[in-house]
Every structure is written in structure tokens, then in C-alpha cells.
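Following: one structure in C-alpha cells, then a few remarks.
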Amino acid sequence: MKLLEKYFLPSDYFKEFQGITPQYLKERGIRAVIIDLDNTLVGFDEPSASEAVLKWFRTMKDNGIKVTIVSNGSHIRVSEFSDPHDIEYIFRARKPLARSYRKAVHMMGMDSSETVMIGDQLLTDVFGANRAGLKSILVLPVKNKDGWATVVNRRIERIIMKYFDRKGLIQWGD
């Protein structure tokens, strides 16, 4: 069970990505954010960034926090979301493989110790970040509906989350 904690336990939990502020990040020595796209920022079936998403990106930028989207989504999906707003991204990241996490850290000119991964899935976002030596923040999915590839992962995640809950390892932030 220690392997579950090593690989799947996030550094922190938030109900939504908007609760993660520059102040929170800076207090923890974080200067760069890798963030998932689908069901973290917007629903997997939503093609565009909402005003709340754009405001969060602006707030991070205004406070000197670098942000890169790392998504398993296709080039078309990720670029159509990111390009209009000049947001850096990596598509077809093959999370949870650590390569794309390391690439994003390098693209931002940061060190792993000052970078955090924010995502809605334990089996891709958190697992990959933990394997790459990054801090990780799990957020609740913005929608209850998932793409077909995520449905099986969610079933496994529920089992892991029940274990974390029984052990008192989950404390959701704002």
C-alpha cells in the first residue's frame, strides 16, 4: 500500500483549479505550473477557454508564474484551445509517462522542485507527476462526464481514493 501513496497520492487537493492562487504557489516555492486540459480546465467536450480560465491564466502570468498545458489530447484539440490565447502546450503527452512532464519543465526554464502538476486524474496527471519528481495537485473534474478512454481510469481511481480517505490522507482545499 505504500506504493499507492508513493505514486498516486497528490501533494495537495483542491475542489477547482481557480482555488490555486499565485500566493499559494509562491508560499510553496512554486514558480511554474503544468496543467491538464480536459476536465481540469474545461470539459473534454468544450472547445474554448471560459472567461474564468482566461482570468486564471492572466493572474498567473501577472504574478510571474509560468504555465504550460500538458494534455493527452490531439494536436487539433490542444492547439485550438491554446493558440488563440498564446498558451504554451504539449499535446499527445502520453501521460503518465514522465517525458512530457520533464519537457514542460525544460520549456519553462524551471527546475522540477519549483514546478507543480495540476490535474483531475490520479492515473495520468498525479501518477506521471509523482514519477517525474514533481509536486502534484488533484482537482475535481469540471464535469461528471468523461471521454471513453477515461471511464475505466475513474473506476480504478475511486478504489484508490477510498483507500486514501480511510487512511485520512485526503484534505480538500478550497
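The values are calculated or read from the model by the stated rules, or taken from the named source; none is laboratory data. Just so you know, these numbers come straight off a predicted model, no measurement behind them. So basically every Cβ, Gly included, is an ideal-geometry build from the backbone, and we count neighbours across all protein chains shown. What goes into the accessible areas is simple: the full protein's heavy atoms, side chains included, and nothing from ligands, DNA or RNA. Shrake-Rupley method; radii C 1.70, N 1.55, O 1.52, S 1.80 Å.
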For q = 0.13, 0.15, 0.16 Å⁻¹, Debye-computed log10 I/I(0) when each Cα of the chain counts as one equal scatterer
-0.58, -0.79, -0.91
So for LYS143, LYS15, what's the accessible-area order with a 1.4 Å probe, most first?
LYS15, LYS143
Size of electric dipole in region 7-89: Cβ of Lys, Arg +1 and of Asp, Glu -1, about Cα centre, debye, nearest 20:
420 debye
Find the relative contact order for region 33-107 and round it to a whole percent, using C-alpha pairs within less than 8 Å whose residues are 6+ positions apart.
31 percent
For the chain, set up a Gaussian network in which alpha carbons nearer than 10 Å are linked by springs, and say which option among ASP12, ASP125, ASP62 fluctuates the most.
ASP62
Percent of alpha carbon pairs in region 10-78 separated by more than 21 Å?
24 percent
Under a Cβ-only charge scheme (Lys and Arg +1, Asp and Glu -1), can you give me the dipole magnitude of the chain about the Cα centre, in debye to the nearest 20?
740 debye
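In the structure shown, do any of LYS55/LYS162; LYS95/LYS135; LYS66/LYS162; LYS95/LYS167 have a Cα-Cα gap over 25 Å, and if so which?
Working: LYS55/LYS162 34 Å; LYS95/LYS135 15 Å; LYS66/LYS162 33 Å; LYS95/LYS167 27 Å.
As for pairs spanning more than 25 Å Cα to Cα, those are LYS55/LYS162; LYS66/LYS162; LYS95/LYS167.
Accessible area, 1.4 Å probe, largest first: how do MET107, MET60 sort? List each step's numbers first, then the result.
Numbers: MET107 80, MET60 0 Å².
Most to least solvent-accessible, the answer reads MET107, MET60.
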List LEU122, LEU54, LEU3, ordered by accessible area with a 1.4 Å probe, largest first
LEU3, LEU54, LEU122
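What's the carbon and sulfur percent of the chain's accessible surface, probe 1.4 angstrom, rounded to a whole number?
On the way: 4780 of 9280 Å².
Answer for the chain is 52 percent, counting heavy atoms of protein chains only.
Please identify every one of the trypsin sites (Lys or Arg not before Pro) in region 45-108 that sits in a loop by DSSP and has no more than 16 other beta carbons within 10 Å of its own beta carbon. Write out the running numbers ahead of the final one.
On the way: sites: LYS55, ARG58, LYS61, LYS66, ARG77, ARG92, ARG94, ARG99, ARG102, LYS103; in loops: ARG92, ARG94.
In loop regions of region 45-108 (DSSP not H, G, I, E or B), the sparsely surrounded trypsin sites (Lys or Arg not before Pro) are ARG92, ARG94.
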Can you give me the accessible area per residue for region 68-174, using a 1.4 Å probe, in Å²?
54 Å²
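Explain nothing, just the number: relative contact order of region 45-149, from Cα pairs under 8 Å at least 6 residues apart, as a whole percent. Please list the in-between numbers first.
Working: 133 pairs, mean separation 20.1, N = 105.
Answer for region 45-149 is 19 percent.
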Of the options GLN23, LEU140, ALA129, report the single residue whose Cα projects farthest towards the positive end of the charge dipole of the chain (beta-carbon charges: Lys, Arg +1; Asp, Glu -1).
ALA129
